[in-house]
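Following: one structure in structure tokens, then a few remarks.
The values are calculated or read from the model by the stated rules, or taken from the named source; none is laboratory data. Computed from a predicted structure; not experimentally measured. All Cβ positions, even for glycine, are placed from backbone atoms using ideal geometry, and neighbour counts span all protein chains on display. These area figures cover heavy atoms from the full protein model, side chains too; ligands, DNA and RNA do not enter into them. Shrake-Rupley method; radii C 1.70, N 1.55, O 1.52, S 1.80 Å.
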There are 2 protein chains.
Amino acid sequence: MDVRVRSAEQVELDQLQSALGFLLRIAQLKVFQQYFMQPGEDRLKPGEFSVLWVIKCNPGIRQSLLCQRLMIKRAHMTKLIRALEERGWVARRIPDEDRRGVELTLTAEGEAAVADAAEGFFAFENTVGSELNASEREQLMVLLRKLVNIKGSGL
Amino acid sequence: MDVRVRSAEQVELDQLQSALGFLLRIAQLKVFQQYFMQPGEDRLKPGEFSVLWVIKCNPGIRQSLLCQRLMIKRAHMTKLIRALEERGWVARRIPDEDRRGVELTLTAEGEAAVADAAEGFFAFENTVGSELNASEREQLMVLLRKLVNIKGSGL
DNA sequence: AAGATAATGTTTCCTTGTAAACAAATTTCG
DNA sequence: CGAAATTTGTTTACAAGGAAACATTATCTT
């Protein structure tokens, strides 16, 4: 008789299976791996898409606010924004009211790029959590929004 | 009148607030930032702790299985394990039944290190999700376990 | 048995993300 | 007002993590 563990499901996690941070990390990694497993050539990466999307939804948003909402460090955001600027997708503007900050907007090309990517992105997002039924998925969304202080949609 | 968005909560996300992958990512990043914001000197990083913990709970576990369960890539796992080996915490053994694989166990020092870190780690984990009440937290855990195929505890 | 295929780790190179020090502009407060 | 503290973004130097090619061992096919 050989009872050696052979599948991931059989691995004993003990208390770790009640560790919320751990579960979130595993879930998140799983989603990313699924995302990158998809074909698609020069698809936007999730980080890029979300930055562009949020700028689109909040024209003139401050870079620091983007950092706060997307949980991206300032140092890293600088690189992201510079790269998107070089692709001709975002425009940086130093406002006169506060010349430390940077106001971000999309260029016309940027708008087009987001519009282009949005369909695929949200289509993928809708496949996330297929292990759950519709009501569980909705419930998970509600709990996560609460966890991260995103007010629910007014839908 | 100035209605410019000033706080992260006010940032418009539109459809993104219904994107499960996005919400998971934000939640996960938030937890990590909280973790690293804590003081503590040479605390184990979450990844290190979980690897040690899972080896402790599954002595002799194969490296590849660890990868699967912890969603860590093989290339990266090699580095993690080698580092833990150099610290004298894990022992690698090439089993005769299959000389491709590696069986992992903790050394006595490894056991001590995990035991030492466990209290702090799980204490932190219990603070995760304080934005939710007890029943919401439990519900979130159940949903995440289902999402990642971790069978619930028999508690 | 022998050659093709697959599984498992490792190595190397590259991308993503973080930490710390810095620069510039703004705010706070004696 | 004016010095100290804060906010914001950037730079540099590093750590974490991933992709691809490779080596070794095992399995599959015939």
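For this structure, a couple of remarks:
- Taking the criterion of being free of Cβ contacts under 8 Å to residues at least 12 places away in the same chain and either part of a helix (DSSP H, G or I) or at positive phi (or both), the residues of the stretch A:24-48 that qualify are A:24, A:25, A:26, A:27, A:28, A:29, A:30, A:33, A:36, A:37.
- Among residues that are buried (at least 20 other Cβ atoms within 10 Å of the Cβ), touching a residue at least 24 places away in the same chain (Cβ under 8 Å), within 12 Å of DNA strand C (Cβ to nearest atom) and closer than 25 Å to residue B:19 by Cβ, residue A:51 is included.
- Any hit, the stretch A:99-113, residues being within 13 Å of chain B (Cβ to nearest Cβ) and either in contact with an Asp or Glu (Cβ under 7 Å, 6 or more places away or on another chain) or open to solvent by 50 Å² or more (accessible area, probe 1.4 Å) (or both): no
- Index of the failed condition, residue B:95 passing every other in (1) within 11 Å of DNA strand C (Cβ to nearest atom); (2) more than 21 Å from the chain's Cα centre (by Cα); (3) more than 12 Å from residue B:61 (Cβ to Cβ): (3)
- Counted residues, the stretch A:56-90 - those being hydrophobic (A, V, I, L, M, F, W, C), more than 10 Å from chain B (Cβ to nearest Cβ) and open to solvent by less than 40 Å² (accessible area, probe 1.4 Å): 5
- The condition (being outside any loop (DSSP other than H, G, I, E, B), among the aliphatic types (A, V, I, L, M) and farther than 30 Å from residue A:134 by Cα) is satisfied by just one residue among B:65, B:143: B:65.
- In the stretch B:20-46, the residue that is nearest to residue A:30 (Cα to Cα) out of those that are open to solvent by 30 Å² or more (accessible area, probe 1.4 Å) and within 10 Å of DNA strand D (Cβ to nearest atom) is B:32.
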